[in-house]
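All remarks here apply to the structure that follows.
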Amino acid sequence: MLIPRFWSKYESQVQLPNGKKAGVACWRASETSAAEAQALARAAGERFAERIRRGEDFPGPYPYGDRPLREEVLEDIPGPAGDVAAVLTRNGYGTVVLNTARVLFIDVDLPAAGAQFAPLRRLAHALLPFLVAPPRDPVIQALARLKEWLAARSGWGVRVYRTRAGLRYLVTHSTFEPGSGESEAAMAFLACDPAYVRLCKVQKSFRARLSPKPWRCGIERPVWRFPAENAAGEEVIREWVERYESASRGYATCELLASLGREPIHPEVMEVVRLHDASARVGSGLPLA
């Protein structure tokens, strides 16, 4: 997995060809040390500054999924061979994310009308084998695509979860390499967000949000970004996280709807299933956020 532990920011002032000055700021990361992150940030910042001095255009922001995300690493989860099987991080809007080295997660966002999931019996109906042409309902259409994928792959097993805004599939029969043809084919067929597919390839991991989105719990979005640049910034983060964790206790992140296909679950996947379900409060009956 490519999930950097160390981040550094480079800032400087650059004189433009018209005589005015502009600020330059850029972040770079390292998996090994803060010193390497600082060196990389400085080198990138100086290249950026020289580009501006020559009168070239300012580069635009990098699209989501084109480089590793700037997230705080909370915990490493060991694998069966003593390696790191998963990493917990805190994302840009403050939620806890499970990053897995080999366990495939596929999230499918759906239009608001389809995400209401009422009545739930329609979901069970969508999984029945006699269904040929699904009604014009995004939930049933998504599940019909999953049924079609599984019908051609008898060896596959999938746990299907309901999220607040869609569906989450956790593939259970085997492990996968991020960026592999097989994992990307599944994500594309099942209508996974293309930006997520790119990010999996860049970070060499799969991802699933474990904790509720703050605005669904009555908490504002964070005004900070990791890492804090001083002690005052660290205090702002700590205070926000405490309020968020308190407010989010009354919510779950997803709910299990069905286990489809092959059993039993691969041993490495089973450990991730346990961690995911406990952290996301699956089975709690709490409202989804």
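Data table
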quantity	calculated
DSSP-assigned coil residues among trypsin sites (Lys or Arg not before Pro) in the range 1-103, each with at most 12 further Cβ atoms within 10 Å	20, 54
In the range 21-59, the GluC sites (Glu not before Pro) that fall in loop regions by DSSP, at most 12 other Cβ within 10 Å	56
Neighbourhood charge, 14 Å Cβ-Cβ cut-off, centred on residue 185 and excluding it, Lys, Arg +1 and Asp, Glu -1	-1
Structure-derived mean projected area of the Cα convex hull in nm²: which label, when the choices are (1) 13.9; (2) 18.1; (3) 15.7	(2)
The chain - percent relative contact order, Cα under 8 Å, separation 6 or more	19
Subset of 147/204; 9/201; 20/204; 20/213; 21/204; 21/201 violating a 32 Å alpha-carbon distance limit	20/204; 20/213; 21/204; 21/201
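No lab work stands behind these numbers, since they all come straight from the coordinates. Keep in mind the model is a prediction, meaning the values are calculated, not measured. Heads up, the Cβs are rebuilt from the backbone with ideal geometry, glycines too, and the neighbour counts pull from every protein chain shown.
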